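What follows is a short report on a single structure.
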Amino acid sequence: MRKLYAIGIGAGDPEHLTVQAIDRLNRVDVFFVLDKGDTKADLVRLRQEILDRFVTRDYRVVLAADPPRDRTPADYRARTPADYRAAVADWHAARAAVYEELILSELSPDSVGAFLVWGDPSLYDSTIALIEAVLARGNVKFEYEVVPGISSISALVARHRTTMNQIGRAVQLTTGRRLAEGWPDGVDDVFVLLDAHATFDRFTSLGLTIYWGAYVGTPDEILISGPLTPALAAQIRKTRAEARERHGWIMDTYLLRRPAP
C-alpha cells in the first residue's frame, strides 16, 4: 500500500529537523511541494536545501501549483465569519483535489511520498485535514504518519529567550481576526498567528509586553520585543511592511504577555 508522511521541518532553520524527521526523509521516494508562485519561491528553495543536506537516497520532487485562495475584500474585518469559513472551505477542497491527483498520478503502489510541512503539522496547518479529506473521497488508499516539527511559536520564544507561559497561567493561541474581537478572558499570554493587520495596535494601553518575530530561524530573521507602547507598535508595523516589500512575502508571529496578577 502507498505510504505518506507529513513531516514537520521546523520554522526555517535546517537544524530544526529532528532525528525522526531525517530518518523519515530517507524513506521517501517522492516529495510533493505546492508552489505558491514567484513571490514565495524562497519556501520551495528552503525545502530543497533541506533535501540536499539530509537525504542520501534517490528521490523525486514533484511541484504542483497551489490553488489560489479568495482573500477579497482586502479588509478582512468587512467579511463575516461565514464568508471567511466558506472561502477557506473552498480553498481546502481545491487543495484536496490537487493532493489526490498527485498521489494517484505520481505515487505508485508500495511507494512512499511526503509533504514537507513548515513548522509543525499540528499547529495552524491544513495538511492533516487535507490528507484525511483525500482518504474520505475513497479514490485512493494509503497509510500516513505525522512527524512533529519545531513550531513557529517554539522557535519564537527560544529566540527571545523567554517561555510560552507564566507559572500557573493560561496560554491561548489565536489569529489576528479573533484577537480583534477583544482580549480573551482569563488569559495572560496570547500567541497570535496569521495576523496581517497589526492587531496588537489595539492593546497598547494594557501594559503588555510583545515578543515579535519574522522569518524566525532563517537568515532574514527579525526580532523585536519590549513594552507594547504606541511607539513600539509603530516600529513593528513599519519593520513588517518594509520586510514584506523587500521579500514579497512574510511569515511572522508574536506573543503578547500581560503581567500575572
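Side notes on the structure shown:
- Filter pass, PRO219 being under 30 Å from ARG45 (Cα atoms), free of Cβ contacts under 8 Å to residues at least 24 places away in the same chain, in a loop (DSSP other than H, G, I, E, B) and not assigned by TED's automatic domain parsing to the domain that holds TRP118: yes
- For the range 222-261, residues that are in contact with a helix residue (DSSP H, G or I) (Cβ under 8 Å, 6 or more places away or on another chain) and assigned to a loop (DSSP other than H, G, I, E, B) total 5.
- The residues of the range 2-41 that are more than 20 Å from VAL98 (Cα to Cα) and assigned to a loop (DSSP other than H, G, I, E, B), listed by number, are ILE9, ALA11, GLY12, ASP13, LEU17, THR18, ASN26, ARG27.
- For the range 10-35, filtering for residues that are under 17 Å from ASP220 (Cβ atoms) and in contact (Cβ under 8 Å) with a residue 60 or more places away in the chain leaves 5.
- Number of positions in the range 136-156 that are assigned to a helix (DSSP H, G or I) and buried (at least 18 other Cβ atoms within 10 Å of the Cβ): 5
- Of all residue pairs spaced 6 or more apart or on separate chains, those with beta-carbon atoms under 7 Å, a first member in the range 166-191 that is over 16 Å from SER152 (Cα atoms) and at pLDDT 90 or above and a second member that is acidic (Asp, Glu) and assigned to a loop (DSSP other than H, G, I, E, B) are GLN166/ASP188; ARG169/ASP188; ALA170/ASP188.
- Per the conditions (1) touching a residue at least 12 places away in the same chain (Cβ under 8 Å); (2) assigned by TED's automatic domain parsing to the domain that holds ARG24; (3) in a loop (DSSP other than H, G, I, E, B), the sole criterion not satisfied by ASP125 is (1).
- Residue among GLY176, GLY138 that alone is farther than 20 Å from PHE31 by Cβ and in contact with a His (Cβ under 6 Å, 6 or more places away or on another chain): GLY176
- Within the range 102-157, considering residues that are polar (S, T, N, Q) and within 19 Å of the chain's Cα centre (by Cα), the one nearest to ARG85 (Cα to Cα): SER126
The values are calculated or read from the model by the stated rules, or taken from the named source; none is laboratory data. As the structure is a prediction and not an experimental result, all values here were calculated from the model. Note that we place each Cβ from the backbone using ideal geometry, even for glycine, and neighbour counts take in every protein chain shown.
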